[in-house]
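Student: The structure is given below, and queries will be raised subsequently.
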Amino acid sequence: PVVNRALAWSEIALDQAWVCDRGIGCALVAGYGPSRRARRPQYDWFFAGDGLVATQALLSMGDFARARQELQFILQFQNARTGMIWHELSQSAPYLDWAGKYPYMYVHVDVSFDFISAVVNYVAATGDQGFVTSNWPSIARAYEYCLSVINPQDGLPRIASGKEGGNEQRQLSDELRLSGSWVAAAEGYAELATLTGHSADAAAALAAAQKARAAIAKRYWSAKDNFWISGYTRSGTPFIDKGLGSIGAVAQRLFTQPQLDLALEQVAASDYQTDWGTRSVPRGVAEYDPNSYASGSVWAIGTASAASAFWSQHQPDSAYSIWSTLPQWTALDSLGHMHEAAAGDFYHEQLESVPEQTWSSSSFLTAAVHGLLGLSAETSGLIAFSPHLPSAWNSVSIKNIRLRRSEFDASVAQNEDNVTLDLLNHGDAFRLLFAPEIPLGARILSARLGNKPVKVSAQKNAADEHASVDIVVPTGTTHLTIRYTGGVSLLPTTKHDLVGDPSSGVRIIKTALSGDTYKVLVDFKPGPTSTIQFRTAWKVRDVRGAAFRLVRPDVYALDFSTVSVPGDPQRYRRATAVIRFAGR
């Protein structure tokens, strides 16, 4: 019920953010908050970057018409001379020289890159190639602006003096996040160029993306810190704050798998994670201030992005434990709405935060659809449904799914030995790749589409496993059953905080199964919240690293409160539970 309510309120928040200004047009504003003395009313005006984040949520909820209108609105104010996409637009703009006398409109380099990626996502979700065709000159001009800031030596973007990237608090010459956005924009532009018959442009864009990918791994990784470098100062000094702003590099796979594993192990730990979300920088770095707006507070958009990154790396236990901290935000202040940021030490809103930030609600919704439910579409027309359902959820139903030109309802049910999919397709037949998460280490027995057997394959990862079936879904009803045996699943724990609470829940850093051994790496605080549970039909031979007890048939508890680790009992400690199974 808590999750359903938060998802419903996210859709309502997007509707409330849709504003029509008679002098400008209709689009999404960035949020709502008080003016606070001499400051502007926050954020009841238009930001293109915020609108692009919200557009992804509109696509996730199937509101294609408004997504198209938002993209068209953004193009309406594109810089005609440079092709640059604008940053922010006051609702007072019709009455003053906003673009000429004020420095806020064309200042953010990163928005142009993100715009191209947003168009790709729009076309993939809707199949609306007409939008690309009719707006191709403007899209090409935006890409030309991106090209204009690329350094010819390494193929990565540079931020000119007087302009900004994603980090508004520091004047950097280049950023990992911006370079990652360039890779996504170039790869996306290649897709759009291919769709519109511009094959030479597509080939050039792909070559640019490949060059950038090769340069990123060299320029932005710190072997000393086993973490990415956020960017470089104007003097050329690496800026290593371990900031969460570059978490998108994980889903893009801009580094090697060992490097990503090292970084994610740090992000999943208690220095970053709280019971209410992910800190923007971890405890322990010089920049950390739990009450700072940008250097230690917990942002909803950063938390959702972190969860999405873990889902993309097939680490669903960490992903869900992060994402599930956000539904409680809808009761933090303005009921039903999500703040911009919370403090990093105790659960309460950060003092500069606004009570409704549109991209907070948007990113929560998008992470649910693309990460938790694993729903997505490709420009080729393939629809993917790869849910990472927590093992404690017996079933989930999603109604009114819109992807491409398909509209359907889906219900997934799971238990200890099978998962079923029921579809009601309201439109034409479409191709579906259904790949639900199943218990880690399970052996797949069979798959049946109705009464007919179908081919099923296993996708095995260190921390999760999927059963994959590729089918054509006809108009009407479809029933699919996948049977398996064995496996182990971590049961999620959800902690709801009161304002003023410190963080105390177990942080799931990493889980892995190898042979007959299942390992769970955690940070914990000794006390009543230091227990987690797992489910398995396998016989447990022995457990090391935690107290162990049977809760009910096939469900066991691991209690870390008795683990002897030196240090302050009020601070988090590290422990590894090692479970060995018999007869594996």
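The values are calculated or read from the model by the stated rules, or taken from the named source; none is laboratory data. Model, not experiment: these values are computed from the prediction. Cβ: placed from backbone, ideal geometry, glycine included. Neighbour counts: every protein chain shown. These area figures cover heavy atoms from the full protein model, side chains too; ligands, DNA and RNA do not enter into them. Shrake-Rupley method; radii C 1.70, N 1.55, O 1.52, S 1.80 Å.
Student: ALA212: net charge of surrounding residues, Cβ under 14 Å, Lys/Arg +1, Asp/Glu -1, itself excluded?
Tutor: That works out to +3.
Student: Taking the Cα atoms of region 303-369, report the difference between the largest and smallest coordinate on each principal axis, in whole Å and largest first.
Tutor: The Cα atoms of region 303-369 stretch 35, 24, 17 Å along the principal axes, largest first.
Student: Let me ask something else. Using θ = phi - 60° and the Karplus form 6.51 cos²θ - 1.76 cosθ + 1.60, what ³J(HN,Hα) does each residue of region 338-346 get, whole Hz, x for Gly and Pro?
Tutor: For region 338-346, the Karplus curve yields 10, 4, 5, 8, 10, 5, x, 10, 10 Hz.
Student: Treat every Asp and Glu Cβ in region 104-255 as -1 and every Lys and Arg Cβ as +1, leave all other atoms uncharged, and give the resulting dipole magnitude about the Cα centre to the nearest 20 debye.
Tutor: 500
Student: Next question. Residues with amide H under 5 Å of ASN461's amide H, sequence separation 5 or more or different chain, H placed in the peptide plane at 1.01 Å from N; which?
Tutor: Residues meeting the amide H criterion: HIS466.
Student: Quick one: divide the alpha-carbon radius of gyration of region 55-175 by 2.2 N^0.38 Å and tell me what you get.
Tutor: Relative to the 2.2 N^0.38 Å estimate, region 55-175 comes out at 1.12.
Student: Just how large is the dipole of region 289-388 about the Cα centre, in debye to the nearest 20, putting +1 at every Lys and Arg Cβ and -1 at every Asp and Glu Cβ?
Tutor: Magnitude of the dipole: close to 340 debye.
Student: In the full protein assembly as shown, how much of TRP9 is accessible to a 1.4 Å probe, in Å² to the nearest 10?
Tutor: 80
Student: With a 10 Å radius around each residue's Cβ, average the other Cβ atoms per peptide and rank 439-446, 368-375, highest first.
Tutor: Ranked by mean Cβ neighbours within 10 Å, highest first: 368-375, 439-446.
Student: Of the listed pairs LYS242/LYS525; LYS460/LYS539; LYS519/LYS539; LYS399/LYS495, which have alpha-carbon separations greater than 18 Å here?
Tutor: Values: LYS242/LYS525 24 Å; LYS460/LYS539 22 Å; LYS519/LYS539 16 Å; LYS399/LYS495 28 Å.
Listed pairs above 18 Å: LYS242/LYS525; LYS460/LYS539; LYS399/LYS495.
Student: Sticking with this structure for a sec: Could you pull out every Cys in the chain that lacks a partner Cys with its beta carbon under 4.7 Å away?
Tutor: Flagged as lacking a Cys partner: CYS146.
Student: Of SER361, SER230, LEU254, which is farthest along the charge dipole of region 204-362 in the positive direction, counting Lys and Arg as +1 and Asp and Glu as -1 at C-beta?
Tutor: It is LEU254, whose Cα lies furthest towards the positive end.
Student: In whole Å, what is the distance between the alpha-carbon centres of region 488-545 and region 246-285?
Tutor: 19
Student: Moving on. So how exposed is SER376, as accessible area in Å² (1.4 Å probe, rounded to 10)?
Tutor: 40
Student: Calculate, in whole percent, how much of the Cα-Cα pair population of the chain lies beyond 47 Å.
Tutor: On the way: 19702 of 170236 pairs.
Cα-Cα pairs in the chain separated by more than 47 Å: 12 percent.
Student: In the neighborhood of VAL522, defined by Cβ-to-Cβ distances under 11 Å, what is the net charge if each Lys or Arg adds +1 and each Asp or Glu adds -1?
Tutor: My count for the surroundings of VAL522 gives +4.
Student: In sequence order, what are the phi-derived ³J(HN,Hα) couplings for region 176-183 according to the Karplus relation 6.51 cos²θ - 1.76 cosθ + 1.60 with θ = phi - 60°, rounded to whole Hz, with x for glycine and proline?
Tutor: 4, 4, 5, 5, x, 5, 5, 4
Student: Sorted by mean Cβ packing within 10 Å, highest first, what order do the peptides 353-364, 293-304, 277-288, 206-217 take?
Tutor: 353-364, 293-304, 277-288, 206-217
Student: Over region 232-379, with every protein chain in place, what whole percent of the accessible area is carbon and sulfur at 1.4 Å, could you tell me?
Tutor: Whole-percent figure for carbon plus sulfur exposure: 56.
Student: Turning to a different aspect of this structure: Would you work out which of VAL285, GLY180, ALA217 lies farthest towards the positive end of the dipole of region 164-291? Charges go on Cβ: Lys and Arg +1, Asp and Glu -1.
Tutor: With unit charges placed on the Cβ atoms, the residue in question is ALA217.
Student: On to the next question. So what is the calculated 222 nm ellipticity per residue for the chain, using -39500 (n - 2.57) for each DSSP H run with n of 4 or more, over all residues, to the nearest 500 deg cm²/dmol?
Tutor: Details: 14 runs with 169 residues, N = 584.
Calculated at 222 nm, the ellipticity per residue is -9000 deg cm²/dmol.
Student: Let me ask something else. If you plug each phi of region 424-437 into the Karplus form 6.51 cos²θ - 1.76 cosθ + 1.60 with θ = phi - 60°, what whole-Hz ³J(HN,Hα) values come out, in order, with x for Gly and Pro?
Tutor: Couplings: 10, 8, 8, x, 6, 5, 8, 8, 10, 9, 9, 9, x, 5 Hz.
Student: Right, another one. Carbon-plus-sulfur fraction of the accessible area of region 103-215, 1.4 Å probe, in percent?
Tutor: Ligands and nucleic acids excluded, carbon and sulfur give 54 percent.
Student: Calculate the dipole size of the chain relative to its Cα centre from +1 charges on Lys and Arg beta carbons and -1 charges on Asp and Glu beta carbons; express the result in debye to the nearest 20. Write down the numbers at each step before the final one.
Tutor: Numbers: 52 positive and 55 negative charges, 265 e Å.
Taking the Cα centre of the chain as origin, the dipole is about 1280 debye.
Student: Additional query: Taking the Cβ-Cβ separation of ASN461 and GLN252 as r and a Förster radius of 25 Å, what is the calculated FRET efficiency to the nearest 0.05?
Tutor: About 0.90, to the nearest 0.05.
Student: Name the residue from ALA309, GLN42, GLY583 whose Cα lies farthest towards the positive end of the charge dipole of the chain, charges +1 on Cβ of Lys and Arg and -1 on Cβ of Asp and Glu.
Tutor: After comparing all options, I get GLY583.
Student: Among 181-190, 330-339, how do they line up by average Cβ neighbours within 10 Å per residue, starting with the highest?
Tutor: Ranked from most to least packed, the peptides come out as 181-190, 330-339.
Student: With every protein chain kept in place and ligands, DNA and RNA left out, what is the accessible area per residue of the chain? Probe 1.4 Å, answer in Å².
Tutor: Value for the chain: 40 Å² per residue.
Student: Could you work out how much longer the chain between THR237 and ASP409 gets when fully extended? Use 0.36 nm per residue separation minus the Cα distance between them, nm to one decimal.
Tutor: 56.7 nm
Student: Right, another one. Can you compute the label reach from ARG81? Point 7 Å from Cα along the Cβ direction, backbone N cut-off under 15 Å, restricted to region 91-113.
Tutor: Label zone hits: 98-107.
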